[in-house]
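Chemist: There's a structure below that I have some questions on.
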Amino acid sequence: MTLAELSVGNRARILTLGGDEEAVERMMEMGLVEGTEFSLVRFAPLGDPLEIKTRGYHLTLRKAEAANIEVEKL
């Protein structure tokens, strides 16, 4: 399952990061690495972007970026 497929309020753990090398590096710089746990806070009114809470801060991602992040629900 991908981050883009989660429902609001769900908690999950990152399994793998996908996409081009630059995008993966940028996500890792933001603290999104394998094993990171987070909760999906909300989607924007039109569904893009989405907001997650991880490591004590809120992070906004585009749905296309979220579709490249494989997760497991907790």
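The values are calculated or read from the model by the stated rules, or taken from the named source; none is laboratory data. Predicted, not measured: the structure shown is a model, and the values here were computed from it. All Cβ positions, glycine included, derive from the backbone under ideal geometry; neighbour counts span all protein chains shown.
Chemist: State the number of residues belonging to region 43-64 that are under 14 Å from A4 (Cβ atoms), of a type in the set (D, E, K, R) and either part of a loop (DSSP other than H, G, I, E, B) or out of contact with any strand residue (DSSP E or B) (no Cβ under 9 Å at 6 or more places or on another chain) (or both).
Modeler: Adding up the residues that qualify gives 2.
Chemist: Next question, about the same structure. Determine the pairs where a residue that is under 12 Å from M27 (Cα atoms), located within region 48-69, has a partner that is of a type in the set (D, E, K, R) and surrounded by 15 or more Cβ atoms within 10 Å (Cβ to Cβ) with Cβ atoms under 6 Å apart, the partner being 6 or more residues away or on another chain.
Modeler: Short answer, once both residue conditions are applied: T60/E51.
Chemist: How many residues are under 12 Å from the mean Cα position of the chain (by Cα) and assigned to a loop (DSSP other than H, G, I, E, B) when one looks only at region 9-34?
Modeler: Final tally of qualifying residues: 7.
Chemist: Taking only region 15-36 into account, find how many residues are of a type outside the set (D, E) and over 11 Å from N68 (Cβ atoms).
Modeler: Result for region 15-36: 8.
Chemist: Then there's this: Pick from region 34-74 the residues that are among the acidic types (D, E) and under 16 Å from T16 (Cβ atoms): which of them is surrounded by the most Cβ atoms within 10 Å (Cβ to Cβ)?
Modeler: Going through the qualifying residues, I end up with E65.
Chemist: Which residues, counting only those in region 2-29, are exposed (fewer than 13 other Cβ atoms within 10 Å of the Cβ) and hydrophobic (A, V, I, L, M, F, W, C)?
Modeler: Of everything in region 2-29, just one residue is exposed (fewer than 13 other Cβ atoms within 10 Å of the Cβ) and hydrophobic (A, V, I, L, M, F, W, C), namely V8.
Chemist: Cβ-Cβ below 7 Å, separation at least six or inter-chain, first residue in region 11-35 and of a type in the set (S, T, Y) and at pLDDT 90 or above, second exposed (fewer than 13 other Cβ atoms within 10 Å of the Cβ) and part of a loop (DSSP other than H, G, I, E, B): which pairs?
Modeler: Short answer, once both residue conditions are applied: T16/E34.
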